[in-house]
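K.L.:
Handing you this structure, nothing more for now.
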Amino acid sequence: MARIKGIDLPNEKHVSIALTSIYGIGRNLALTICKDAKVEPTKKAKDLDNDELVRLREEVNKYTTEGDLRREVNMNIKTKMEINSYQGRMHKKGLPVRGQRTNRNARTRKGKPKTIANKKK
């Protein structure tokens, strides 16, 4: 089983797809990493030999991924909340941050609807 950055890559998937299971690596970056590491992107993750795994690990380490990226994103959110920007206020309230409507949608962020007494007439 291939293990990169503390993440087990899915064995039955192509390397380019399996790399996307690492936080911070998408499809395009995965293809770039495969090309730079000289690994065939359509090769299955279980068929990788040690030399290819080492090259992949070295390429992935060049990018900010997993714990470092999560920490950076959380620090950015906390900074916005501290300076009381619009996005920071929306994060505090648990509402959508990127300008979506909130009066009739946004159930993912707001949670289950709360019934208000005597609202219907």
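The values are calculated or read from the model by the stated rules, or taken from the named source; none is laboratory data. Keep in mind that this is a model prediction, so the values were computed, not measured. Reconstructed Cβ throughout: ideal geometry from the backbone, glycine too, with neighbour counts over all protein chains shown. Quick note on the areas: whole protein, heavy atoms, side chains included, nothing else; ligands and nucleic acids left out. Shrake-Rupley method; radii C 1.70, N 1.55, O 1.52, S 1.80 Å.
K.L.:
Taking region 83-108 on its own, how many of its residues are part of a helix (DSSP H, G or I), open to solvent by 90 Å² or more (accessible area, probe 1.4 Å) and under 21 Å from Tyr23 (Cβ atoms)? Steps first, answer last, please.
P.N.:
Start the filter on region 83-108 by keeping residues that are part of a helix (DSSP H, G or I), which leaves 86-93, 107-108.
In the following step, the residues that additionally are open to solvent by 90 Å² or more (accessible area, probe 1.4 Å) were identified as 86, 89, 92-93, 107-108.
Cutting the leftovers down to under 21 Å from Tyr23 (Cβ atoms) gives us 108.
The total comes to 1.
K.L.:
Given the options Asn61, Asn74, name the one that is within 30 Å of Arg109 (Cα to Cα), of a type outside the set (Ser, Thr, Tyr), out of contact with any Gly (no Cβ under 7 Å at 6 or more places or on another chain) and open to solvent by 50 Å² or more (accessible area, probe 1.4 Å).
P.N.:
Testing whether each residue is within 30 Å of Arg109 (Cα to Cα), of a type outside the set (Ser, Thr, Tyr), out of contact with any Gly (no Cβ under 7 Å at 6 or more places or on another chain) and open to solvent by 50 Å² or more (accessible area, probe 1.4 Å) leaves just Asn74.
K.L.:
Something else now. Take region 1-30 and flag every residue that is open to solvent by 80 Å² or more (accessible area, probe 1.4 Å) and either small (Gly, Ala, Ser) or part of a helix (DSSP H, G or I) (or both).
P.N.:
Quick first cut of region 1-30, residues open to solvent by 80 Å² or more (accessible area, probe 1.4 Å) only: 1, 3, 12-13, 23, 27-28.
Across region 1-30, the qualifying residues are Arg27, Asn28.
K.L.:
Follow-up question, since we're still on this one. When Thr79 is evaluated against the numbered criteria (1) surrounded by fewer than 12 Cβ atoms within 10 Å (Cβ to Cβ); (2) in contact with a Gly (Cβ under 6 Å, 6 or more places away or on another chain); (3) of a type in the set (Val, Ile, Thr), which criterion, by number, is the only one it fails?
P.N.:
All conditions are met except number (2).
K.L.:
Sticking with this structure for a sec: Does Asn74 satisfy the criteria of being of a type in the set (S, T, N, Q) and at positive phi?
P.N.:
Numbers: of a type in the set (S, T, N, Q): yes; at positive phi: no.
No: the conditions fail for Asn74.
K.L.:
Only residues that are assigned to a helix (DSSP H, G or I), over 18 Å from the mean Cα position of the chain (by Cα) and of a type in the set (Asp, Glu): list them for region 42-82, please.
P.N.:
Matches in region 42-82: Asp47, Asp51, Glu52, Glu58, Glu59, Glu82.
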